[in-house]
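Taking it in order: structure first as C-alpha cells, then the write-up.
Derivation of every value follows stated rules applied to the coordinates shown; laboratory data play no part. Predicted, not measured: the structure shown is a model, and the values here were computed from it. A quick note on method: Cβ atoms are made from the backbone with ideal geometry, for glycine too, and the neighbour counts reach across all protein chains shown.
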Amino acid sequence: MTNMNISRPGAIFATLIILILLAGCSGLENKEEIPAEDLAKKGLEQYNHGKYFLAVETFNIIKDRFPFSRFSLLAELKSADSKFYMKDYAEALELYRSFEENHPTNEAIPYVIFQIGRSHYRTIDTIDRQTTGAREAIKVFARLLRSFPDSPYTEEAKVLSQKANNFLAEHELGVARFYLRTNEFDQAKGRAEYLLYSYPDSPAAPQAKEMINKIEAAEKRAGE
C-alpha cells in the first residue's frame, strides 16, 4: 500500500517540487561560497567593460553578504560610479553622499566630493531650464577646494565651477532679454546689473553691459 501511495500523481508532483527547491538552494549556496575578493574582481571587470548594470548587481551582493569586509567599501564606491556612468545622477548622488556620511575620513573623500559636484553639474541643461544643478555644483566644488585644495581634482573642479558660473550668467542674460522683448525695461536692466555684479568675468558680461547702456540711452532720450 505504501508503494502505491508514493506512485500517485500528486505525490510524484510534490516530490519533483521538493527536488527543484533543493536544487535551487544548492545553487544559492554555491553562489554564497564565492569569496568577496572574487566578487570584487568580477564587479570591477564588469565596470571596466561598461557593463554598469551588471556591476551594480555584483557590488550589491558584496554589500549584502560581506558588509564588514574591505571589499564592501569598494562596492559602495563603485556602485555610485556605476550609477554615475549610467547617467542616473539622482541615485549616484544618494550613494556618494551615503559614502561620505558613513566614511568621512576615508582617503577617497576628495574624489567622492568631486563626484557629487560632477553629478550636480551633469544635470545642467539649456539656459531656460532650472538652475539648481549649476548652483549646487558650484557650492560642492567650492567645498572641495576649501577642504582639499591640493587634491588631484582641483583643476577640473575649477574649470567645471567656472562653466557652471557661465551657465548661470547666460541664464540671467536670457531672462534680461525676455524682459527687454516685453518692454519691461526696469526688470531687464535689473537682471543685467545683477549679472554684472555676480558674474563679472563671464562671457555674458559684455552683452549685459551693452544692454544696460542701450536701456540708459533710451531712458535719456525719453526724458529729453
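Things to note:
- Distance between modelled label sites at Q187 and E210, nm, 7 Å Cα→Cβ extension: 2.4 nm
- Taking label points 7 Å from Cα along the Cα-to-Cβ direction, F178 and R97 give a separation of 2.7 nm.
- For segment 32-111, a simple Cβ point-charge model (Lys and Arg +1, Asp and Glu -1, everything else neutral) yields a dipole of about 180 debye relative to the Cα centre.
- Local electrostatic count at F84 - Lys and Arg +1, Asp and Glu -1, tallied over other residues with Cβ under 12 Å: +1
- Pair I34, H49: separation of 7 Å Cα→Cβ label points (nm): 1.3 nm
- Extension gain for the segment R122 to T105, taken as residue separation times 0.36 nm less the Cα-Cα distance, is 3.5 nm to one decimal.
- Modelled FRET efficiency - R0 35 Å, T131 with F68, Cβ distances, 0.05 increments: 0.25
- Dipole of segment 86-224, positive end: most advanced residue of Q130, M211, Y153 [Cβ charges, Cα centre]: M211
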